[in-house]
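Student: Dropping a structure here in C-alpha coordinates format, bear with me for questions.
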Amino acid sequence: MTPIEVPDAEELLARLIDAIRPSVNQATVIIGVHTGGAWIAERLHAALGLATPLGFLDISFYRDDFGRVGLNPQVKKSTIPIDIEDASIILVDDVLYTGRTVRAAMNELFDYGRPGRIDLAVLADRGGRELPIAARYVGATVSLADHQSLNLARDDAGALRFNLVEKPVAA
Amino acid sequence: MARNPQLNANGELTHLLSIEGLPRPVIENILQTADAFASVGDREVKKVPLLRGKSVFNLFFENSTRTRTTFEIAAKRLSADVINLNINASSTAKGESLLDTVDNLAAMQADMFVVRHASSGAPYLIAQHLDRTGAKHIHVVNAGDGRHAHPTQGLLDMYTIRHYKKDFSNLTVAIVGDILHSRVARSDIHALTTLGVPEVRVIGPRTLLPSHVEGMGVRVFHDMAEGLRDADVVIMLRLQNERMRGALLPSAHEFFKSYGLTQEKLSRAKADAIVMHPGPMNRGVEIDSAVADGGQAVILPQVTFGIAVRMAVMSIVAGN
(Lines give C-alpha, C1' and ligand atoms only; values in the text may rest on other atoms or scores of the structure.)
Protein backbone atom coordinates (compact mmCIF):
# COMPACT_ATOMS: atom_id res chain seq x y z
CA MET A 1 0.00 0.00 0.00
CA THR A 2 1.30 3.46 -0.89
CA PRO A 3 2.19 5.54 2.15
CA ILE A 4 -0.37 8.25 2.70
CA GLU A 5 0.59 11.86 2.92
CA VAL A 6 -0.17 13.21 6.38
CA PRO A 7 -2.08 16.47 5.94
CA ASP A 8 -0.69 19.70 7.39
CA ALA A 9 -3.06 20.56 10.23
CA GLU A 10 -2.23 24.28 10.20
CA GLU A 11 -2.98 24.49 6.50
CA LEU A 12 -6.31 22.71 6.98
CA LEU A 13 -7.15 25.05 9.84
CA ALA A 14 -6.54 28.08 7.61
CA ARG A 15 -8.88 26.58 5.02
CA LEU A 16 -11.49 25.85 7.65
CA ILE A 17 -11.39 29.43 8.92
CA ASP A 18 -11.91 30.74 5.37
CA ALA A 19 -14.78 28.34 4.82
CA ILE A 20 -16.58 29.30 8.03
CA ARG A 21 -15.97 33.06 8.01
CA PRO A 22 -18.74 34.07 5.56
CA SER A 23 -21.47 32.38 7.60
CA VAL A 24 -20.67 33.45 11.16
CA ASN A 25 -22.16 36.39 12.97
CA GLN A 26 -21.75 37.83 16.46
CA ALA A 27 -24.23 35.33 17.90
CA THR A 28 -22.53 32.20 16.53
CA VAL A 29 -21.47 29.83 19.31
CA ILE A 30 -18.42 27.62 18.84
CA ILE A 31 -18.20 24.37 20.80
CA GLY A 32 -15.19 22.07 20.62
CA VAL A 33 -15.14 18.36 21.43
CA HIS A 34 -12.28 17.41 23.79
CA THR A 35 -9.40 17.15 23.17
CA GLY A 36 -8.45 17.85 19.54
CA GLY A 37 -11.72 19.60 18.71
CA ALA A 38 -11.25 21.90 21.71
CA TRP A 39 -7.86 23.05 20.41
CA ILE A 40 -9.31 23.76 16.96
CA ALA A 41 -12.30 25.54 18.50
CA GLU A 42 -9.98 27.86 20.44
CA ARG A 43 -8.14 28.78 17.24
CA LEU A 44 -11.35 29.27 15.25
CA HIS A 45 -12.85 31.39 18.00
CA ALA A 46 -9.81 33.68 18.06
CA ALA A 47 -9.44 33.87 14.27
CA LEU A 48 -13.11 34.68 13.73
CA GLY A 49 -13.10 37.25 16.53
CA LEU A 50 -16.32 35.94 18.11
CA ALA A 51 -17.71 37.70 21.17
CA THR A 52 -19.69 34.69 22.46
CA PRO A 53 -17.87 32.53 25.01
CA LEU A 54 -16.33 29.31 23.79
CA GLY A 55 -17.80 25.97 24.90
CA PHE A 56 -16.22 22.56 25.37
CA LEU A 57 -17.77 19.11 25.45
CA ASP A 58 -16.36 15.88 26.81
CA ILE A 59 -18.67 13.24 25.38
CA SER A 60 -17.47 10.39 27.66
CA PHE A 61 -20.82 10.23 29.49
CA TYR A 62 -22.70 9.91 26.18
CA ARG A 63 -20.61 7.34 24.33
CA ASP A 64 -22.50 4.39 22.85
CA ASP A 65 -19.70 1.93 23.65
CA PHE A 66 -19.70 2.38 27.46
CA GLY A 67 -21.03 -1.19 27.81
CA ARG A 68 -17.98 -2.48 25.91
CA VAL A 69 -15.11 -0.29 27.01
CA GLY A 70 -16.23 1.29 30.29
CA LEU A 71 -15.74 4.87 31.32
CA ASN A 72 -12.91 6.92 29.82
CA PRO A 73 -10.48 7.43 32.72
CA GLN A 74 -9.43 10.80 31.31
CA VAL A 75 -12.90 12.32 31.35
CA LYS A 76 -12.91 16.13 31.55
CA LYS A 77 -15.56 18.64 32.50
CA SER A 78 -17.94 19.86 29.81
CA THR A 79 -18.29 23.64 29.95
CA ILE A 80 -21.04 25.41 28.06
CA PRO A 81 -20.87 28.94 29.49
CA ILE A 82 -23.79 30.29 27.47
CA ASP A 83 -27.50 29.60 27.07
CA ILE A 84 -27.71 27.51 23.90
CA GLU A 85 -31.50 27.70 23.59
CA ASP A 86 -32.17 28.74 19.95
CA ALA A 87 -28.44 29.41 19.43
CA SER A 88 -26.65 28.84 16.15
CA ILE A 89 -23.83 26.44 17.03
CA ILE A 90 -20.76 25.29 15.17
CA LEU A 91 -19.63 22.00 16.65
CA VAL A 92 -15.92 21.38 16.10
CA ASP A 93 -13.95 18.12 16.05
CA ASP A 94 -10.59 17.11 14.63
CA VAL A 95 -11.36 13.99 12.58
CA LEU A 96 -14.78 12.84 11.34
CA TYR A 97 -14.98 9.06 11.01
CA THR A 98 -17.91 6.88 12.08
CA GLY A 99 -20.03 9.82 13.25
CA ARG A 100 -20.57 8.29 16.70
CA THR A 101 -18.71 11.05 18.52
CA VAL A 102 -20.85 13.68 16.79
CA ARG A 103 -24.04 11.84 17.70
CA ALA A 104 -22.90 11.68 21.34
CA ALA A 105 -21.99 15.39 21.27
CA MET A 106 -25.43 16.32 19.91
CA ASN A 107 -27.15 14.20 22.55
CA GLU A 108 -25.17 15.99 25.24
CA LEU A 109 -25.87 19.45 23.75
CA PHE A 110 -29.60 18.84 23.90
CA ASP A 111 -29.30 18.31 27.67
CA TYR A 112 -28.24 21.95 27.88
CA GLY A 113 -31.12 23.26 25.76
CA ARG A 114 -32.64 23.23 22.26
CA PRO A 115 -30.25 24.85 19.80
CA GLY A 116 -31.63 26.69 16.79
CA ARG A 117 -29.18 24.88 14.52
CA ILE A 118 -25.96 22.89 14.75
CA ASP A 119 -23.35 22.78 11.99
CA LEU A 120 -20.33 20.53 12.07
CA ALA A 121 -16.79 21.66 11.30
CA VAL A 122 -13.89 19.19 11.12
CA LEU A 123 -10.25 19.45 10.17
CA ALA A 124 -10.26 16.11 8.34
CA ASP A 125 -13.01 13.82 7.05
CA ARG A 126 -11.72 10.30 6.61
CA GLY A 127 -15.01 8.71 5.47
CA GLY A 128 -16.19 5.45 7.02
CA ARG A 129 -19.47 6.81 8.37
CA GLU A 130 -21.71 4.44 10.34
CA LEU A 131 -24.38 7.07 10.99
CA PRO A 132 -26.16 9.60 8.76
CA ILE A 133 -23.95 12.53 9.70
CA ALA A 134 -22.13 15.02 7.46
CA ALA A 135 -19.92 18.03 8.14
CA ARG A 136 -20.77 21.43 6.69
CA TYR A 137 -17.17 22.65 6.92
CA VAL A 138 -14.26 20.33 6.13
CA GLY A 139 -10.52 21.15 6.01
CA ALA A 140 -9.78 18.16 3.78
CA THR A 141 -10.97 14.67 3.03
CA VAL A 142 -8.37 11.96 3.48
CA SER A 143 -8.46 8.24 2.93
CA LEU A 144 -6.98 5.95 5.50
CA ALA A 145 -6.86 2.21 5.99
CA ASP A 146 -8.99 0.78 8.81
CA HIS A 147 -6.00 0.23 11.06
CA GLN A 148 -4.72 3.79 10.61
CA SER A 149 -5.82 6.92 12.43
CA LEU A 150 -4.89 10.58 12.52
CA ASN A 151 -4.13 11.94 15.97
CA LEU A 152 -4.00 15.66 16.46
CA ALA A 153 -1.18 17.02 18.65
CA ARG A 154 -0.45 20.53 19.87
CA ASP A 155 3.09 21.71 20.59
CA ASP A 156 4.16 24.18 23.28
CA ALA A 157 3.86 27.10 20.87
CA GLY A 158 0.24 26.11 20.16
CA ALA A 159 0.84 24.79 16.64
CA LEU A 160 -1.31 21.85 15.55
CA ARG A 161 0.05 18.76 13.83
CA PHE A 162 -1.43 15.47 12.67
CA ASN A 163 0.37 12.23 13.47
CA LEU A 164 -0.42 9.05 11.57
CA VAL A 165 -0.93 6.18 14.00
CA GLU A 166 -0.75 2.60 12.75
CA LYS A 167 -2.67 0.34 15.07
CA PRO A 168 -1.25 -3.16 15.25
CA VAL A 169 -3.67 -5.59 13.65
CA ALA A 170 -5.14 -7.76 16.41
CA ALA A 171 -3.46 -11.15 16.52
CA MET B 1 -6.43 -15.63 46.68
CA ALA B 2 -4.21 -12.65 47.42
CA ARG B 3 -5.90 -10.55 44.76
CA ASN B 4 -7.81 -7.51 46.00
CA PRO B 5 -11.46 -8.57 45.56
CA GLN B 6 -12.39 -5.05 44.45
CA LEU B 7 -10.17 -5.10 41.39
CA ASN B 8 -10.45 -7.20 38.23
CA ALA B 9 -7.54 -8.98 36.56
CA ASN B 10 -6.52 -5.70 34.88
CA GLY B 11 -6.40 -3.88 38.22
CA GLU B 12 -9.59 -1.93 37.46
CA LEU B 13 -12.23 -1.21 40.07
CA THR B 14 -15.15 -3.61 39.71
CA HIS B 15 -16.62 -3.40 43.25
CA LEU B 16 -16.07 -0.67 45.82
CA LEU B 17 -15.80 -2.40 49.19
CA SER B 18 -13.18 -0.44 51.11
CA ILE B 19 -10.61 2.28 50.58
CA GLU B 20 -8.01 0.13 52.31
CA GLY B 21 -5.84 -1.43 49.65
CA LEU B 22 -6.99 0.81 46.81
CA PRO B 23 -4.04 2.07 44.78
CA ARG B 24 -3.62 5.85 44.74
CA PRO B 25 -4.30 6.19 40.97
CA VAL B 26 -7.68 4.46 41.43
CA ILE B 27 -8.68 6.97 44.12
CA GLU B 28 -7.39 9.90 42.08
CA ASN B 29 -9.31 8.68 39.05
CA ILE B 30 -12.55 8.57 41.07
CA LEU B 31 -12.01 12.15 42.28
CA GLN B 32 -11.17 13.32 38.75
CA THR B 33 -14.26 11.64 37.31
CA ALA B 34 -16.43 13.11 40.09
CA ASP B 35 -15.25 16.54 38.99
CA ALA B 36 -16.72 15.95 35.55
CA PHE B 37 -19.99 14.71 37.09
CA ALA B 38 -20.21 17.75 39.37
CA SER B 39 -20.74 19.97 36.32
CA VAL B 40 -23.69 17.78 35.25
CA GLY B 41 -25.46 18.96 38.42
CA ASP B 42 -25.33 22.55 37.18
CA ARG B 43 -27.16 21.83 33.95
CA GLU B 44 -30.79 22.15 32.96
CA VAL B 45 -31.00 18.35 32.48
CA LYS B 46 -29.05 16.81 35.36
CA LYS B 47 -28.87 13.37 33.81
CA VAL B 48 -26.48 11.44 31.60
CA PRO B 49 -27.37 8.17 29.82
CA LEU B 50 -24.48 6.01 31.07
CA LEU B 51 -26.47 3.45 33.07
CA ARG B 52 -29.62 3.48 30.96
CA GLY B 53 -31.35 0.13 31.22
CA LYS B 54 -29.36 -0.94 34.30
CA SER B 55 -31.01 -1.84 37.58
CA VAL B 56 -29.43 -0.62 40.78
CA PHE B 57 -30.71 -2.17 44.00
CA ASN B 58 -30.24 -0.19 47.19
CA LEU B 59 -29.99 -2.89 49.86
CA PHE B 60 -30.18 -1.11 53.17
CA PHE B 61 -30.15 -3.53 56.06
CA GLU B 62 -29.50 -0.56 58.34
CA ASN B 63 -31.24 2.79 58.37
CA SER B 64 -29.89 5.73 56.48
CA THR B 65 -31.45 8.80 54.94
CA ARG B 66 -28.63 10.85 53.50
CA THR B 67 -26.53 8.02 52.09
CA ARG B 68 -29.48 6.14 50.60
CA THR B 69 -30.94 9.29 49.13
CA THR B 70 -27.70 10.47 47.55
CA PHE B 71 -27.05 6.99 46.11
CA GLU B 72 -30.57 7.05 44.70
CA ILE B 73 -30.11 10.51 43.18
CA ALA B 74 -26.71 9.50 41.79
CA ALA B 75 -28.13 6.35 40.16
CA LYS B 76 -31.08 8.28 38.72
CA ARG B 77 -28.76 10.96 37.31
CA LEU B 78 -26.92 8.11 35.57
CA SER B 79 -30.32 7.05 34.12
CA ALA B 80 -30.37 3.74 35.99
CA ASP B 81 -33.56 2.23 37.38
CA VAL B 82 -33.36 2.29 41.16
CA ILE B 83 -35.07 -0.14 43.47
CA ASN B 84 -34.95 0.66 47.18
CA LEU B 85 -35.26 -2.26 49.55
CA ASN B 86 -36.02 -1.65 53.15
CA ILE B 87 -34.78 -5.00 54.33
CA ASN B 88 -35.69 -4.60 57.99
CA ALA B 89 -39.30 -4.78 56.95
CA SER B 90 -38.83 -7.48 54.37
CA SER B 91 -37.71 -11.06 53.88
CA THR B 92 -34.93 -11.22 56.45
CA ALA B 93 -37.58 -10.48 59.01
CA LYS B 94 -39.22 -13.70 57.80
CA GLY B 95 -35.94 -15.57 58.22
CA GLU B 96 -34.49 -15.47 54.69
CA SER B 97 -30.71 -15.44 54.77
CA LEU B 98 -28.66 -12.58 53.34
CA LEU B 99 -27.37 -14.69 50.45
CA ASP B 100 -30.84 -16.03 49.61
CA THR B 101 -32.00 -12.44 49.33
CA VAL B 102 -29.04 -11.68 47.07
CA ASP B 103 -29.73 -14.71 44.85
CA ASN B 104 -33.34 -13.66 44.42
CA LEU B 105 -32.39 -10.13 43.45
CA ALA B 106 -29.75 -11.47 41.06
CA ALA B 107 -32.52 -13.54 39.47
CA MET B 108 -34.40 -10.28 38.96
CA GLN B 109 -31.52 -9.21 36.68
CA ALA B 110 -29.86 -6.75 39.02
CA ASP B 111 -26.76 -4.98 37.70
CA MET B 112 -25.56 -3.39 40.93
CA PHE B 113 -26.07 -3.72 44.66
CA VAL B 114 -25.49 -0.75 46.95
CA VAL B 115 -25.21 -2.39 50.36
CA ARG B 116 -25.44 -1.03 53.85
CA HIS B 117 -25.24 -3.56 56.66
CA ALA B 118 -24.64 -3.49 60.41
CA SER B 119 -22.15 -6.36 60.11
CA SER B 120 -18.62 -5.57 59.00
CA GLY B 121 -17.75 -7.52 55.86
CA ALA B 122 -21.29 -8.09 54.56
CA PRO B 123 -20.55 -6.41 51.19
CA TYR B 124 -17.43 -8.61 50.80
CA LEU B 125 -19.51 -11.68 51.49
CA ILE B 126 -22.00 -10.62 48.80
CA ALA B 127 -19.28 -9.84 46.25
CA GLN B 128 -17.59 -13.20 46.86
CA HIS B 129 -20.88 -15.02 46.64
CA LEU B 130 -21.74 -13.35 43.31
CA ASP B 131 -18.31 -14.29 42.01
CA ARG B 132 -18.77 -17.90 43.07
CA THR B 133 -22.26 -18.26 41.68
CA GLY B 134 -21.26 -16.92 38.26
CA ALA B 135 -22.97 -13.54 38.70
CA LYS B 136 -19.73 -11.62 38.23
CA HIS B 137 -21.46 -8.99 36.10
CA ILE B 138 -23.20 -7.66 39.23
CA HIS B 139 -21.22 -4.91 40.94
CA VAL B 140 -21.24 -4.25 44.68
CA VAL B 141 -20.78 -0.84 46.28
CA ASN B 142 -20.36 -0.68 50.04
CA ALA B 143 -22.57 2.02 51.55
CA GLY B 144 -21.30 1.36 55.09
CA ASP B 145 -20.65 -1.94 56.85
CA GLY B 146 -20.58 -2.10 60.64
CA ARG B 147 -17.56 -0.36 62.08
CA HIS B 148 -15.44 -1.37 59.11
CA ALA B 149 -15.74 0.98 56.16
CA HIS B 150 -17.81 3.66 54.44
CA PRO B 151 -15.74 4.13 51.30
CA THR B 152 -17.98 6.56 49.40
CA GLN B 153 -18.09 8.85 52.45
CA GLY B 154 -14.29 8.64 52.61
CA LEU B 155 -14.08 9.52 48.92
CA LEU B 156 -16.50 12.42 49.16
CA ASP B 157 -14.50 13.72 52.12
CA MET B 158 -11.36 13.59 49.95
CA TYR B 159 -13.24 15.35 47.14
CA THR B 160 -14.30 18.06 49.59
CA ILE B 161 -10.77 18.52 50.92
CA ARG B 162 -9.35 18.68 47.41
CA HIS B 163 -12.02 21.18 46.40
CA TYR B 164 -11.09 23.61 49.17
CA LYS B 165 -7.39 22.87 49.71
CA LYS B 166 -6.38 21.86 46.12
CA ASP B 167 -3.43 19.73 47.18
CA PHE B 168 -2.99 16.98 49.78
CA SER B 169 0.76 17.18 50.15
CA ASN B 170 1.00 19.89 52.81
CA LEU B 171 -2.06 19.27 54.91
CA THR B 172 -2.71 18.60 58.57
CA VAL B 173 -6.03 16.83 59.00
CA ALA B 174 -7.59 16.24 62.42
CA ILE B 175 -10.36 13.67 62.92
CA VAL B 176 -12.20 14.24 66.17
CA GLY B 177 -14.49 12.23 68.42
CA ASP B 178 -15.76 8.67 68.39
CA ILE B 179 -13.06 7.04 66.26
CA LEU B 180 -13.71 3.62 67.77
CA HIS B 181 -17.19 3.15 66.31
CA SER B 182 -16.62 5.14 63.15
CA ARG B 183 -16.35 3.46 59.76
CA VAL B 184 -16.05 6.98 58.32
CA ALA B 185 -12.88 7.58 60.35
CA ARG B 186 -11.32 4.35 59.09
CA SER B 187 -12.13 5.12 55.47
CA ASP B 188 -10.88 8.71 55.85
CA ILE B 189 -7.60 7.61 57.45
CA HIS B 190 -6.88 5.07 54.67
CA ALA B 191 -7.74 7.62 51.99
CA LEU B 192 -5.72 10.45 53.55
CA THR B 193 -2.60 8.34 54.02
CA THR B 194 -2.90 6.85 50.51
CA LEU B 195 -3.18 10.34 49.02
CA GLY B 196 -0.02 11.41 50.82
CA VAL B 197 -1.35 13.71 53.56
CA PRO B 198 1.72 14.16 55.78
CA GLU B 199 -0.08 14.65 59.11
CA VAL B 200 -3.26 12.82 60.04
CA ARG B 201 -4.35 13.23 63.67
CA VAL B 202 -7.05 11.52 65.65
CA ILE B 203 -8.42 13.25 68.72
CA GLY B 204 -10.63 11.63 71.31
CA PRO B 205 -10.88 10.07 74.74
CA ARG B 206 -9.01 6.80 75.27
CA THR B 207 -12.28 4.90 75.51
CA LEU B 208 -13.32 6.00 71.99
CA LEU B 209 -10.04 5.30 70.21
CA PRO B 210 -9.32 1.84 68.79
CA SER B 211 -6.28 0.16 70.32
CA HIS B 212 -3.21 0.33 68.10
CA VAL B 213 -4.73 3.16 66.04
CA GLU B 214 -1.18 4.56 65.67
CA GLY B 215 -0.49 1.60 63.40
CA MET B 216 -2.74 3.24 60.80
CA GLY B 217 -0.23 6.06 60.40
CA VAL B 218 -1.92 8.69 62.57
CA ARG B 219 -0.87 10.81 65.55
CA VAL B 220 -3.04 10.43 68.62
CA PHE B 221 -4.19 13.33 70.81
CA HIS B 222 -6.39 13.25 73.87
CA ASP B 223 -6.32 17.00 74.33
CA MET B 224 -8.43 18.72 71.69
CA ALA B 225 -6.78 22.15 71.86
CA GLU B 226 -3.41 20.56 71.27
CA GLY B 227 -4.66 18.27 68.51
CA LEU B 228 -6.33 21.07 66.57
CA ARG B 229 -3.26 23.30 66.53
CA ASP B 230 -2.57 24.56 62.97
CA ALA B 231 -4.92 22.01 61.41
CA ASP B 232 -6.09 22.72 57.83
CA VAL B 233 -9.05 20.36 57.99
CA VAL B 234 -11.17 19.34 60.99
CA ILE B 235 -13.39 16.30 60.51
CA MET B 236 -15.94 15.93 63.31
CA LEU B 237 -17.58 12.56 63.85
CA ARG B 238 -21.00 11.79 65.18
CA LEU B 239 -21.16 10.34 68.67
CA GLN B 240 -22.63 6.95 67.84
CA ASN B 241 -24.98 6.25 70.69
CA GLU B 242 -26.51 3.26 68.93
CA ARG B 243 -23.14 1.54 68.65
CA MET B 244 -22.05 2.16 72.23
CA ARG B 245 -21.72 -0.91 74.38
CA GLY B 246 -21.18 -0.31 78.06
CA ALA B 247 -20.34 2.97 79.72
CA LEU B 248 -17.66 4.47 77.49
CA LEU B 249 -18.60 8.03 78.35
CA PRO B 250 -19.80 9.83 81.44
CA SER B 251 -22.39 11.90 79.55
CA ALA B 252 -23.00 13.77 76.33
CA HIS B 253 -22.55 17.01 78.23
CA GLU B 254 -19.13 15.95 79.53
CA PHE B 255 -18.16 14.90 76.01
CA PHE B 256 -19.10 18.30 74.64
CA LYS B 257 -16.97 20.05 77.25
CA SER B 258 -13.87 18.12 76.21
CA TYR B 259 -14.40 17.23 72.56
CA GLY B 260 -17.29 19.31 71.23
CA LEU B 261 -16.13 21.74 68.55
CA THR B 262 -16.75 25.32 69.59
CA GLN B 263 -15.59 28.51 67.90
CA GLU B 264 -13.07 28.91 70.70
CA LYS B 265 -11.53 25.46 70.17
CA LEU B 266 -11.59 25.94 66.41
CA SER B 267 -9.48 29.09 66.77
CA ARG B 268 -6.49 26.78 67.47
CA ALA B 269 -6.68 25.51 63.90
CA LYS B 270 -5.52 27.59 60.95
CA ALA B 271 -7.66 30.64 60.19
CA ASP B 272 -8.75 29.12 56.86
CA ALA B 273 -9.40 25.64 58.26
CA ILE B 274 -12.53 23.90 57.01
CA VAL B 275 -14.91 21.96 59.27
CA MET B 276 -16.46 18.75 57.97
CA HIS B 277 -19.03 16.35 59.41
CA PRO B 278 -20.48 13.22 57.75
CA GLY B 279 -23.89 13.80 59.36
CA PRO B 280 -26.25 13.43 60.98
CA MET B 281 -24.99 15.99 63.47
CA ASN B 282 -25.71 15.98 67.18
CA ARG B 283 -25.68 19.71 67.84
CA GLY B 284 -24.37 20.49 71.28
CA VAL B 285 -22.76 17.04 71.58
CA GLU B 286 -19.87 16.89 69.13
CA ILE B 287 -20.37 20.26 67.45
CA ASP B 288 -21.69 23.63 68.55
CA SER B 289 -24.40 25.17 66.39
CA ALA B 290 -22.35 28.33 65.91
CA VAL B 291 -19.62 26.24 64.24
CA ALA B 292 -21.99 23.96 62.33
CA ASP B 293 -23.70 27.00 60.78
CA GLY B 294 -20.54 29.13 60.63
CA GLY B 295 -18.39 30.29 57.75
CA GLN B 296 -15.79 27.53 58.09
CA ALA B 297 -18.29 24.66 57.90
CA VAL B 298 -18.49 22.83 54.55
CA ILE B 299 -20.97 20.23 55.80
CA LEU B 300 -23.70 20.92 53.22
CA PRO B 301 -21.28 21.11 50.26
CA GLN B 302 -20.12 17.63 51.39
CA VAL B 303 -23.64 16.36 50.75
CA THR B 304 -23.75 17.87 47.26
CA PHE B 305 -20.30 16.54 46.39
CA GLY B 306 -21.46 13.13 47.58
CA ILE B 307 -23.80 12.86 44.60
CA ALA B 308 -21.03 13.46 42.05
CA VAL B 309 -18.66 11.09 43.87
CA ARG B 310 -21.29 8.31 43.96
CA MET B 311 -22.02 8.87 40.26
CA ALA B 312 -18.31 8.46 39.58
CA VAL B 313 -18.03 5.27 41.64
CA MET B 314 -21.13 3.66 40.14
CA SER B 315 -20.19 4.47 36.55
CA ILE B 316 -16.59 3.34 36.97
CA VAL B 317 -17.47 -0.03 38.52
CA ALA B 318 -20.33 -0.58 36.05
CA GLY B 319 -17.92 -0.06 33.16
CA ASN B 320 -15.30 -2.57 34.40
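Student: Read phi for every residue in the stretch B:102-118 and hand back ³J(HN,Hα) as whole Hz from Karplus 6.51 cos²θ - 1.76 cosθ + 1.60, θ = phi - 60°, with x for Gly and Pro.
Tutor: Result, ordered by residue: 4, 4, 5, 6, 5, 5, 8, 6, 5, 10, 7, 10, 9, 10, 10, 8, 6 Hz.
Student: Rounded to the nearest 500, what is chain A's calculated 222 nm mean residue ellipticity when only DSSP H runs of at least 4 contribute -39500 (n - 2.57) each, over all residues?
Tutor: -7000 deg cm²/dmol
Student: Still on this structure, please answer the following. Can you give the local net charge around B:SER169? Use residues other than it whose beta-carbon is closer than 14 angstrom to its beta-carbon, Lys and Arg +1, Asp and Glu -1.
Tutor: Cβ neighbours under 14 Å give a net charge of 0.
Student: State which stretch of chain B is the longest one without any exposed GluC sites (Glu not before Pro), exposure meaning a DSSP loop state and at most 15 other Cβ atoms within 10 Å.
Tutor: With a cap of 15 other Cβ atoms within 10 Å, the longest stretch comes to B:97-320.
Student: How big is the A-B contact in terms of buried accessible area, both chains counted, 1.4 Å probe, rounded to the nearest 100 Å²?
Tutor: What A and B bury together is about 1400 Å².
Student: Can I ask one more? Which loop trypsin sites (Lys or Arg not before Pro) in the stretch B:130-201, with loop taken from DSSP, have no more than 11 other Cβ atoms within 10 angstrom of their Cβ?
Tutor: B:LYS166
Student: With θ set to phi - 60° and the Karplus curve 6.51 cos²θ - 1.76 cosθ + 1.60, what are the ³J(HN,Hα) couplings of the stretch B:172-189 in order, to the nearest whole Hz, using x for Gly and Pro?
Tutor: My calculation for the stretch B:172-189 gives 10, 10, 10, 10, 10, x, 7, 5, 4, 8, 9, 6, 5, 4, 4, 5, 5, 4 Hz in order.
Student: Take the eigenvalues of the Cα gyration tensor for the stretch B:1-123, scale each by 5, and report the square roots as semi-axes in whole Å, largest first.
Tutor: For the stretch B:1-123, the semi-axes come out at 25, 21, 14 Å.
Student: Between B:GLY146 and residues 5 or more places away or on another chain, which pairs have amide H atoms under 5 Å apart, with H built 1.01 Å from N, and which residues are they?
Tutor: The answer is B:HIS117, B:ALA118, B:SER119, B:SER120.
Student: For chain A, what is the percent of antiparallel DSSP beta bridges, rounded to the nearest 5?
Tutor: Around 30 percent of the beta bridges assigned by DSSP in chain A are antiparallel ones.
Student: Using amide H atoms built 1.01 Å from N in the peptide plane, name the residues 5+ places from A:ILE30, or on other chains, whose amide H lies under 5 Å from its own.
Tutor: When sequence neighbours closer than 5 places are left aside, the close amide H contacts are A:GLY55, A:ILE90.
Student: Using the crude model of +1 on Lys and Arg Cβ and -1 on Asp and Glu Cβ, and no other charge, please compute the dipole size for the protein assembly as shown relative to its Cα centre, in debye to 20.
Tutor: 920 debye
Student: I'd like the Kirkwood hydrodynamic radius of the stretch A:82-168, using the inverse of the mean 1/r over distinct C-alpha pairs, in Å.
Tutor: 14.3 Å
Student: Please compute the net charge surrounding B:TYR259, taking Lys and Arg as +1 and Asp and Glu as -1 over other residues with Cβ under 11 Å from its Cβ.
Tutor: Value of the local net charge: -2.
Student: I would also like to ask the following. Using modelled amide H (1.01 Å from N, peptide plane; none on Pro or chain starts), what sits under 5 Å from the amide H of A:LEU120, excluding residues fewer than 5 places away?
Tutor: A:LEU91, A:ARG136, A:TYR137
Student: Can you give the alpha-carbon Rg of the stretch A:121-171 over 2.2 N^0.38 Å, where N counts its residues?
Tutor: 1.34
Student: Something else about it: Just from its helices, what would the mean residue ellipticity at 222 nm be for chain B, if runs of 4 or more DSSP H residues each count -39500 (n - 2.57) and the sum is divided by every residue, rounded to the nearest 500 deg cm²/dmol?
Tutor: Calculated mean residue ellipticity at 222 nm is -11000 deg cm²/dmol.
Student: What area, in nm² and to one decimal, does the C-alpha convex hull of chain A cast on average over all directions?
Tutor: About 10.9 nm², averaged over all directions.
Student: Ignore the peptide's own chain and count Cβ atoms of other chains within 10 Å of each Cβ in A:71-80; give me the average, rounded.
Tutor: Whole-number average of other-chain Cβ neighbours for A:71-80 is 6.
Student: Same structure again: What does the C-alpha gyration tensor say about the overall shape of the protein assembly as shown? Classify as rounded when a/c is under 1.5, otherwise prolate if a/b is larger than b/c, or oblate.
Tutor: Prolate shape, in that a/c is at least 1.5 and a/b is the bigger ratio.
Student: Taking the Cβ-Cβ separation of B:ASN241 and A:ILE133 as r and a Förster radius of 60 Å, what is the calculated FRET efficiency to the nearest 0.05?
Tutor: Plugging the Cβ-Cβ distance into 1/(1 + (r/R0)^6) gives 0.50.
Student: Shifting gears a bit: Using the alpha-carbon atoms, what tilt in degrees (0 to 90, nearest 10) does helix B:151-165 show relative to the longest principal axis of chain B?
Tutor: The angle comes out near 50 degrees.
Student: Another question, then. Over the stretch B:158-247, give the accessible area per residue in Å² for a 1.4 Å probe, as an integer.
Tutor: It amounts to 39 Å² per residue over the stretch B:158-247.
Student: Whole number please: convex hull volume per residue, Cα atoms of the stretch B:163-308, in Å³.
Tutor: 105 Å³
Student: Distance between Cα centroids, the stretch B:84-158 to the stretch B:181-220: provide it in whole Å.
Tutor: 26 Å
Student: Quick one: longest stretch of chain A between exposed loop GluC sites (Glu not before Pro), exposed meaning at most 15 other C-beta atoms within 10 Å and loop per DSSP?
Tutor: That would be A:6-84.
Student: Same structure, new question: Got a sec to turn the phi values of the stretch B:19-26 into Karplus ³J(HN,Hα) couplings, 6.51 cos²θ - 1.76 cosθ + 1.60 with θ = phi - 60°, whole Hz, x for Gly and Pro?
Tutor: Couplings: 7, 4, x, 7, x, 3, x, 5 Hz.
Student: A follow-up question, please. At 1.4 Å probe size, put A:THR35, B:THR65, A:THR98, B:THR160 in order of accessible surface, largest to smallest.
Tutor: Descending order: B:THR65, A:THR35, A:THR98, B:THR160.
The values are calculated or read from the model by the stated rules, or taken from the named source; none is laboratory data. Here the structure is a predicted model, which means the values were calculated and not measured. In this analysis, Cβ positions are derived from the backbone assuming ideal geometry, glycine residues included, and neighbour counts consider all displayed protein chains. Ligands, DNA and RNA are stripped out before the accessible areas are found, and what is left, the full protein with its side chains, is counted by its heavy atoms. Shrake-Rupley method; radii C 1.70, N 1.55, O 1.52, S 1.80 Å.
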